[in-house]
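The values are calculated or read from the model by the stated rules, or taken from the named source; none is laboratory data. Note that the coordinates shown come from a computational prediction; the quantities given were computed from them, not determined experimentally. As a convention, Cβ positions derive from the backbone with ideal geometry for all residues, glycine included, and neighbour counts pool all protein chains shown.
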Amino acid sequence: MSDYVMAGDIAPRSLFISYPKNVQLRACAYARSQLRLIVMRIRASHPSASRYPKVTLMTNEQCTTLKVLDNVPFGQIAGEHLFFALRLERPTWKSWQPGQFVMVRPSGWALDMLWARPFSICRVSNRDLVLFFQAVGRGTRRMASLKSGDEVLVWGPLGNSFEMEPDTPTLLLAGGIGIAPFVGYVHTHPRPWNLHMEFGHRMPLNCYPYESINEKIMGDAHHEQKPEDLAAFIDCMDKRIEEFAGQNGLVLACGPTPFLRTVQQLSQKHNARCQLSLETRMACGVGACLGCVTKVSDDMQVNGVAAGRAQVCNHGPVFWAHQVNLSED
């Protein structure tokens, strides 16, 4: 087992810091035993099991407890706030890249909320780390109640990042909450005048950090996706992707899977260079749980990819459009 780094060994008790020591020890021992069983089963069933799964080693700098600075609600829907910008104190990371993500677990969660949640990095400044999220499930709804002074366990930055080619015309395609990583992309891009954006959203515009992008780039547009407007938005994306393909430009997309599937089909139609940031559920973010495995093309040449499967957390979340299989079957 020496060629694997287990999640229980990465942060021995940091996942359970709010519990008594005896509970911490029992929980970590159980997690390690279960992960070892998973790896043994993988080795027995996968032809390439000697190098699968790929598990990320975390340093103390990458796995740390951060204080909440603020939790800012965005917009209202039926009198309720569902979108939030969570501001955390700035981690001690040496670097990060737009498109990467972090795993977050508030320290006050009970054992019924054991697993952390993945969030795209929205923006990092000298003062803070900003995560933008929608409260849709148990975990994110509890995170919506975080307030200044609360503590959360964060590990990251994780995964790979979007290509950034300063001199290349680049089209950003965002669907709903998929706008989050593009805030950081726009604010770190050395030549934002080469960036253009199409943003499709179902909720009111003030539910999203749109203005943070709008103030930095030119030629952007947004489309409220009512059912009757969906065909028009797809037609708009079709024309824009064709335009950027003709300039040998770059297309970057983030959003729900049906949105990405449409972008993938359009980029293949116009032979455009296109990257997709996949959205999926994760439990660990480091490759140990195998909860984020996705289908990829058989010829994808990446270390650790076996039998047409890849881990979104380690091999992604950003993939070239021709590498992934987003078919509905």
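Structure data summary
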quantity: Subset of the stretch 262-295 [touching a Ser or Thr at 6+ places or on another chain (Cβ under 9 Å) and among the hydroxyl-bearing types (Ser, Thr, Tyr)]; calculated: Ser277, Thr280, Thr294
quantity: Top-ranked residue in the stretch 222-246 [being within 17 Å of Thr262 (Cβ to Cβ) and small (Gly, Ala, Ser); ranked as modelled with the highest pLDDT]; calculated: Ala245
quantity: Which numbered condition Gly156 misses (of (1) at pLDDT below 90; (2) surrounded by fewer than 17 Cβ atoms within 10 Å (Cβ to Cβ)); calculated: (2)
quantity: Index of the failed condition, Val183 passing every other in (1) farther than 22 Å from Leu278 by Cβ; (2) touching a helix residue (DSSP H, G or I) at 6+ places or on another chain (Cβ under 8 Å); calculated: (1)
quantity: Filter result for the condition that a residue is in contact (Cβ under 8 Å) with a residue 12 or more places away in the chain, in contact with a Leu (Cβ under 7 Å, 6 or more places away or on another chain), in a strand (DSSP E or B) and under 19 Å from Cys313 (Cβ atoms), over Arg105, Arg87; calculated: Arg105
quantity: Selection from the stretch 251-302 of residues that are of a type in the set (Lys, Arg), more than 21 Å from Cys313 (Cβ to Cβ) and surrounded by 15 or more Cβ atoms within 10 Å (Cβ to Cβ); calculated: Arg273
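Each row is one residue, and each column tells you yes or no for (1) within 18 Å of the chain's Cα centre (by Cα); (2) modelled with pLDDT of 50 or more; (3) surrounded by 14 or more Cβ atoms within 10 Å (Cβ to Cβ).
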{"site": "Ala44", "(1), (2), (3)": "no, no, no"}
{"site": "Arg51", "(1), (2), (3)": "no, no, no"}
{"site": "Leu69", "(1), (2), (3)": "no, yes, yes"}
{"site": "Pro73", "(1), (2), (3)": "no, yes, yes"}
{"site": "Phe84", "(1), (2), (3)": "yes, yes, yes"}
{"site": "Glu89", "(1), (2), (3)": "no, yes, yes"}
{"site": "Lys94", "(1), (2), (3)": "no, yes, no"}
{"site": "Gly99", "(1), (2), (3)": "yes, yes, yes"}
